[in-house]
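Remarks on the structure that follows.
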Amino acid sequence: MGFRKDWGQATPFLAFCVFTFCWTNVIFGLDTSTFGSLQALPSWLGQFTSTGSLTTLQKAIANSVVYVGRIAGTLTFEPIAERFGYKMLCAAIAVVQAVSVIIQLSAGNFDTFIAGRTVSYVAVGWIDGCISSYASEIAPAALRGFFSGLLAPMANIASVWGAGMCQHYATEKGRVGWMVPIGIQLIPVVMIAACLPFTVESPRWLVAHDRYDDALAALSRLRGRAAADAGQCEIELEAVAYAIEYDKTHATARWSDLVGKVAYKQTIYTVLFFFFYPSTGNAFYNAYGTTFFKSLGLGNKSFTYAILCQLLGAIGGLTGLLLTDRVGRRPLLIAGSALLILFDGLAAGLASKTVRTTTMNNTVVACWMLMLWSAKISWATHAYIVVPEMGGVRMRKKLVMVGTTVDVLGNWLWGFSAPYIQLAPATKGPKIGFLFMGFAGMALIFAIFFAPELKGRSLEEVDELFAKFRWGWEYKGYKTTGVGAAVAQAEQHENVDAKAGDIHESAVGEDDKTMDAQVRVQSV
């Protein structure tokens, strides 16, 4: 399909639903950016430390213990979403975030403040899976990359917002200097409360829970009146329902399937996607970016540089989002990884010099900005696009849980260990960038040889693709058959004059033997 025809499937209501859910990720963006700067703000340090600075242990605890909450949210995401649906989970996120902000604002000591952030990270654990899964289920295949990836630029824009607030209070020593940036985190809660009642539940989730009429009504609103009047929604939903029914009849999604002979590749790839996401410099910057700039002797300019870094990151996220459905997933992963090697290495080399000129310092800052830009166009955005796609219909939630668990562990590891890693001679101070450079090199090898190209594929096609191919470049251009092909045609509004029953015929194949083979391939 062409660009115009692809975007002709987008409707204002589809965008409204996705953006409403993406408001939850504003919570995460505000928190990471704000706390990264709070650790250097005199108002916060004066309130929660006795010496005006954090010890190495306090830095490690403050930037790692919150992931206890996030892992709790990650591990409970799938059963909650499966039982109660995405809308109910989104409402729970708003409630938990409101409680967290209240705890932080009323905190009288360091431990209570960190406990409040830990509560917030339960919601963050839910957010990781909720947005990407919901968006991937309601968006047409041709636009799935864009809508599934919206969570990343929303977080990036929120990070610019948080960094800007902290820069405004860079010299403020009163309580207002840290309370306003924390209190602002209630704005996403208000937006969710105002918009969520007007969204719809995922049609796929409704079909899976035997609510076909509700699913058809929801899909008709998402696809628009023209598609509904033409009968396209009935055909698409019939294909989805048929695929789900086959999965229910012939197999069940078990945790053991993640290491089975069909889905083990998706599991390995999921782990690697979410390992490279935090390990190429992104997690370190989120936790210690502003304090790192201060350690280079940049003073209060560090807060301004933090805004610029987050701004470049936001631009990178939007760039990746706009290009992923045009050029594909693989080219952006490969290009981003190559650029990460360059900027991580250059920043570490220049910043580790004992004597630096102003030009060198400016180059280091520029490298960090471009590092964030490179991370956002590649792993930071595509981890949340490709992993939900790789899971297909049945394994998606479980793969997202695996991926976000790896992400949590990675962020916890970097948050806790980075202050200690920087004490070692080989990775002292800014030399830690060489470590990120090494991981970026590993990411480049994976992107070239193994990262799959799933642009424009329906969720039902994925299992067939993974059963057939090993190398990343082999996925593009393959024409699928069976249930996956039928759903892809329905999502693209092809053969709309066919009766709903014809979906069964095209999905099944010419005989029962062919059908059974296809089912075995596609039922992970």
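Observations
- Thr358 paired with Trp471, simple spin-label distance in nm, labels 7 Å along Cα-to-beta-carbon: 5.2
- Degrees, to the nearest 10: 396-421 long Cα axis against longest axis of the chain: 10
- Met179-Phe450 pseudo-label distance in nm [points 7 Å out on the Cα-to-Cβ vector]: 5.1
- The stretch 323-414 - percent of accessible surface contributed by carbon and sulfur, probe 1.4 Å: 70
- Projecting the Cα atoms of Tyr277, Leu222, Pro197 onto the charge dipole of the stretch 188-294, computed from C-beta unit charges around the Cα centre, puts Tyr277 farthest toward the positive end.
- Note on Lys265: lysines with a C-alpha under 23 Å away, same-chain residues under 8 apart excluded, are Lys248, Lys397, Lys398, Lys455, Lys468, Lys476, Lys479.
- Probe 1.4 Å, protein heavy atoms only - accessible area per residue of the chain in square angstrom: 37
- The chain: angle of helix 86-106 to the longest principal axis, Cα-based, in degrees nearest 10: 10
- Mean Cα-pair separation over length for the chain, i.e. relative contact order, pairs under 8 Å, 6 or more apart, %: 21
- Ordered from highest to lowest accessible area with the whole protein assembly present and a 1.4 Å probe, Val259, Val189, Val65, Val387 read as Val259, Val65, Val189, Val387.
- Computed extension gain for Tyr264 through His209, at 0.36 nm per residue and net of the alpha carbon distance, reaches 17.1 nm.
- Annotation: Arg326 carries an accessible surface of approximately 140 Å², with a 1.4 Å probe and no ligand, DNA or RNA atoms counted.
- For the stretch 72-182, with +1 on Lys and Arg beta carbons and -1 on Asp and Glu, the positive-most of Ser100, Ala135, Met165 along the dipole: Met165
- All lysines inside 26 Å of Lys353 as judged from Cα atoms, apart from same-chain residues fewer than 8 positions distant: Lys59, Lys294, Lys301, Lys428, Lys431
- Accessible-area value, Tyr288, 1.4 Å probe, nucleic acids and ligands omitted, Å²: 10
- At full extension, Arg225 and Leu75 could sit 50.2 nm farther apart than now, given 0.36 nm per residue minus the alpha carbon distance.
- Amide H contacts of Lys476 (H built 1.01 Å from N, under 5 Å, at least 5 apart or other chain): Glu453
- Degrees separating the helix 212-223 axis from the principal Cα axis of the chain, which is the longest one: 60
- Charge dipole (Cα centre; +1 on Lys/Arg Cβ, -1 on Asp/Glu Cβ; no other charges) of the stretch 378-456 amounts to roughly 140 debye.
- Selection from Thr427, Met154, Cys233 lying farthest towards where the dipole of the chain points positive, charges on Cβ: Thr427
- Remark: the chain carries a charge dipole of roughly 2200 debye about the Cα centre, counting +1 on each Lys and Arg Cβ and -1 on each Asp and Glu Cβ.
- The listed residues Leu339, Leu333 rank as Leu339, Leu333 when sorted by accessible area, largest first, using a 1.4 Å probe.
- Karplus-derived HN-Hα couplings along the stretch 278-290 (A = 6.51, B = -1.76, C = 1.60, θ = phi - 60°), whole Hz, x at Gly and Pro: x, 8, 9, x, 5, 5, 4, 5, 4, 7, 10, x, 5
- For the stretch 166-175, 3J(HN,Hα) computed residue by residue from phi via the Karplus equation (6.51, -1.76, 1.60; θ = phi - 60°) reads 5, 5, 4, 9, 4, 10, 6, 10, x, 4 Hz, glycine and proline entered as x.
- Note on Thr56 and Leu105: the model spin-label points, each 7 Å out from Cα along the C-beta direction, lie 3.8 nm apart.
The values are calculated or read from the model by the stated rules, or taken from the named source; none is laboratory data. Quick caveat, the model's predicted, so the values are computed rather than measured. Here Cβ is always computed from backbone atoms with ideal geometry, including for glycine, and neighbour counts include all displayed protein chains. Areas reflect the complete protein model, heavy atoms only, side chains present, ligands, DNA and RNA absent. Shrake-Rupley method; radii C 1.70, N 1.55, O 1.52, S 1.80 Å.
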